[in-house]
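A.B. asks: Let me begin by handing over the structure; questions about it come next.
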Amino acid sequence: MKRRRPELDKYDVAILSALSVNTRLTTVELAQQVHLSRTAVSRRISALKRMNVLNDAADVLNYESIGFKVRASVEISAPGQATHIIKPKLLMRPEVLSVAVMAGDGLLCLDVIAIDMEHLHSFINSVQKNGDTTTKVIFAEEKSRLTLVERMQKLSEETSSGLVRT
């Protein structure tokens with residue numbers, strides 16, 4: 001059985017876009033930005049959460065639910081001086097969620113989403129002109145649920161027991 005992709009209109013996309021820049025926007029601020037009433041924005045946010053497109057923190061949670069079935073890490077080895085030219089162009093690509101500059105000679109690591117493997121292949125072919133690429137498809141991802149307080153406590157415990165060097 002093929003899963004139906006949720007239909008997002010221009011207002012849903014505008015809300016998601018605004019929240020991807022600033023997750024702390026109030027419904028009033030969102031309403032002003034997307035030209036809807038506060039009530040309409042609240043209803044749309046609730047609907048996006050029901051569709052699992054947003055989580056309770058208003059982060060874009062599930063790209064798969066809006067049609068991006070493939071997630072990958074793509075590394076590009078480019079001449080060191082070229083990375084500052086390539087990076088802004090890559091960040092303008094709809095497939096690219098983020099670009100990290102890694103230690104080493106011009107190594108860029110891209111977090112990429114694609115509709116399907118054909119789309120990913122096309123994207124990789126288009127960026128190979130910038131340098132050699134290595135691609136790793138992500139099959140599953142799970143984020144840590146540790147709070148900042150828990151994380152800091154664990155680091156403190158590990159440091160005092162000699163597990164972590166400072």
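Only the coordinates and a few stated rules stand behind these numbers; no lab work does. On a predicted model such as this, the values are computed, not experimentally measured, just so you know. All Cβ positions, glycine included, derive from the backbone under ideal geometry; neighbour counts span all protein chains shown.
A.B. asks: Let me know the longest stretch in the chain that avoids all trypsin sites (Lys or Arg not before Pro) found in a DSSP loop with at most 10 other C-beta atoms within 10 Å.
C.D. replies: Numbers: sites that count: K2, R3, R4, R24, K143, R145, R165.
Result for the longest clean stretch: 25-142.
A.B. asks: Report, in deg cm²/dmol and to the nearest 500, the calculated mean residue ellipticity at 222 nm for the chain, where each DSSP H run with n ≥ 4 adds -39500 (n - 2.57) and the sum is divided by the residue count. Walk me through the numbers before you get to the answer.
C.D. replies: On the way: 6 runs with 66 residues, N = 166.
Helices in the chain give a 222 nm mean residue ellipticity of -12000 deg cm²/dmol.
A.B. asks: I've got another one for you. Average the reciprocal distances over every distinct pair of alpha-carbons in the chain, invert the result, and give the Kirkwood radius in Å.
C.D. replies: Across the chain, the inverse of the average 1/r is 18.7 Å.
A.B. asks: A further question follows. Considering the dipole of the chain built from charges on the beta carbon (Lys and Arg +1, Asp and Glu -1) around the Cα centre, which of Q128, P94, L25 is farthest to its positive end?
C.D. replies: Final value for the positive-end residue is L25.
A.B. asks: What distance in nm separates the simple spin-label points at I115 and E158, each placed 7 Å from Cα in the Cβ direction?
C.D. replies: About 4.2 nm separates the two model spin labels.
A.B. asks: List the chymotrypsin sites (Phe, Trp or Tyr not before Pro) within region 66-166 that DSSP assigns to loop and that have no more than 10 neighbouring Cβ atoms inside 10 Å.
C.D. replies: Working: sites: F68, F123, F139; in loops: F68, F139.
Those satisfying the criteria are F139.
A.B. asks: Which net charge results when you count Lys and Arg as +1 and Asp and Glu as -1 among the other residues whose beta-carbon is under 13 Å from that of V99?
C.D. replies: Working: positive: K87, K89, R93; negative: E75, E95, D111.
My count for the surroundings of V99 gives 0.
A.B. asks: Right, something else. What do the square roots of 5 times the Cα gyration tensor eigenvalues come to for region 68-138, in whole Å, largest first, as semi-axes of the equivalent ellipsoid? Kindly include the intermediate steps, with their values, before the conclusion.
C.D. replies: Details: eigenvalues 77, 24, 23 Å².
Semi-axes from the Cα gyration tensor: 20, 11, 11 Å.
A.B. asks: Across 10 Å bins from 0, what is the distribution of all Cα-Cα pair distances for region 10-65, in whole percents?
C.D. replies: 27, 63, 10
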